[in-house]
Amino acid sequence: MPVPDFLPVVAIDGPAASGKSSTARMVAVALGFRQADSGALYRAVTAARIRKGGDPGTWTEASVLDAASGVSVVAQERVFGVRLAGEVIDEELRGPAVTASVSLIARMRGVRLWANARMRECALVGPIVVDGRDMGTVVFPDAVLKVWLIADTVERARRRSIEMLGRSPSDEELAREATDLERRDRGDSAQTQPAADAVVVDTTRLTQAEQVAQIVALAKTRLRGERAE
Ligand code: CDP
Ligand code: CDP
């Protein structure tokens, strides 16, 4: 489904914990767009399937898609919220059970088609900042701006640990988180590639405000260019 060019899309992709979702949300606010987080969709489908029980190794694509029917996306002022059975389940989405099984579910072709369709529906509502792994390559190849957000693994692990623990991690906690991120990066590698025309932003030594400002400036330049055409 082509996205009309009067409804612009900014796509922010990259590996786990590189800063995509929080950056995308701030960029959306600065541009007056909405943010839609594709990772939250994959996480919600995973949470839905976990609730139905069984060993993850035995989950079929059909049973996952059946569980996905309970997941909905709601347009809010600056963001698309993900719901399961109509409820906000943001904490469950970030929990260890979902994180451990999400890559398995995200590799199912039918699940990717389902998630891609939901993301494209969001883009029909209004201008949007999307984030994930394959927004710029597969889902929105015509995005006005594609950003590939990266950061060193240890820095990504430090950020994710602070987010989860609410404090600086010990060396052991940091090492465990880095191992976890690398495992998920390997599980996601098939769909985690930069688009050929993506702008690479390495956030390792940037503050979040700096990366947001860079991306907003790039987006504004591209949007001015689009309107002038
Ligand atoms: O925040 P983090 O990068 O740790 O993960 P996320 O963006 O919430 O995505 C969770 C998982 O969903 C990833 O590990 C991928 O398995 C999957 N995902 C995907 O396959 N494609 C996307 N466009 C977004 C997420
Ligand atoms: O979506 P993704 O998993 O790529 O990252 P996230 O969920 O936005 O989490 C990144 C965490 O790193 C957030 O707590 C950010 O505040 C923090 N952070 C960042 O994104 N960029 C920096 N330059 C510094 C910190």
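The values are calculated or read from the model by the stated rules, or taken from the named source; none is laboratory data. Keep in mind it's a predicted model, so treat the numbers as computed, not measured. Glycine also receives a Cβ, built like all others from the backbone with ideal geometry; neighbour counts cover every protein chain displayed. Heads up: the accessible areas ignore ligands, DNA and RNA and are worked out on the full protein's heavy atoms, side chains in. Shrake-Rupley method; radii C 1.70, N 1.55, O 1.52, S 1.80 Å.
The alpha-carbon of K220 sits under 20 angstrom from the alpha-carbons of these lysines, leaving out residues fewer than 8 places away in its chain: K20, K146.
Expressed as a whole percent, how much of the Cα-Cα distance distribution for region 97-202 exceeds 24 Å? Could you put the intermediate results ahead of the total?
Numbers: 1962 of 5565 pairs.
The calculated P(r) of region 97-202 puts 35 percent of pairs beyond 24 Å.
If R0 is taken as 25 Å, the Cβ-Cβ distance between E173 and D90 corresponds to a FRET efficiency of 0.65.
Result for the chain in a Gaussian network model with C-alpha springs under 10 Å: among K20, K52, K146, the largest mean-square fluctuation is at K52.
Using the Cα coordinates of region 34-126, the gyration tensor eigenvalues translate into equivalent-ellipsoid semi-axes of 22, 14, 11 Å, sorted from longest to shortest. Under 5 Å from the amide H of T203 lie the amide H atoms of I150, A151, each residue being 5 or more positions distant or on a separate chain, with H modelled from the backbone and absent for Pro and chain starts.
Once backbone amide H atoms are built at 1.01 Å from N, I89 has L84 as its partners under 5 Å, excluding neighbours fewer than 5 places away on the same chain.
Residues considered: G19, G136, G166. Largest GNM mean-square fluctuation over the chain, using C-alpha springs under 10 Å, is found at G166. Average accessible surface for region 162-229: 67 Å² per residue, computed with a 1.4 Å probe over protein heavy atoms with every protein chain in place. The slack between R83 and E121, meaning 0.36 nm per residue of separation minus the straight C-alpha distance, is 12.1 nm. In the assembled protein chains, M26 presents an accessible area of approximately 90 Å² (probe radius 1.4 Å). Here the chain was treated as a single set of alpha-carbon atoms; its pair distances binned every 10 Å from 0 give 8, 33, 38, 18, 3, 0 percent. Count Lys and Arg as plus one, Asp and Glu as minus one, and take only other residues whose Cβ is under 13 Å from that of A67; the net charge is then +2. Across region 34-68, the residues whose backbone nitrogen lies under 14 Å from the label position 7 Å along the beta-carbon direction of R107 are 56-61. The slack in the chain from A62 to I162, taken as 0.36 nm per residue of separation less the alpha-carbon distance, amounts to 32.3 nm. Using the Cβ of A47 as centre and a radius below 12 Å, the other residues enclosed give a net charge of +2, where K and R count +1 and D and E count -1. Each Lys or Arg adds one and each Asp or Glu takes one away; over the other residues whose Cβ falls under 15 Å from the Cβ of A178, this sums to -2. Rounded to the nearest 500, the 222 nm mean residue ellipticity of the chain from helices alone is -16500 deg cm²/dmol, with -39,500 (n - 2.57) taken per DSSP H run of at least 4 residues. Calculate how many DSSP beta bridges within the chain are antiparallel, expressed in % of all such bridges and rounded to the nearest 5. Of those bridges, close to 30 percent are antiparallel. Rounded to the nearest 10 square angstrom, D197 shows an accessible area of 90 square angstrom against a 1.4 Å probe. Here region 1-129 has 56 percent of its accessible surface on carbon and sulfur atoms, given a 1.4 Å probe and all protein chains in place.
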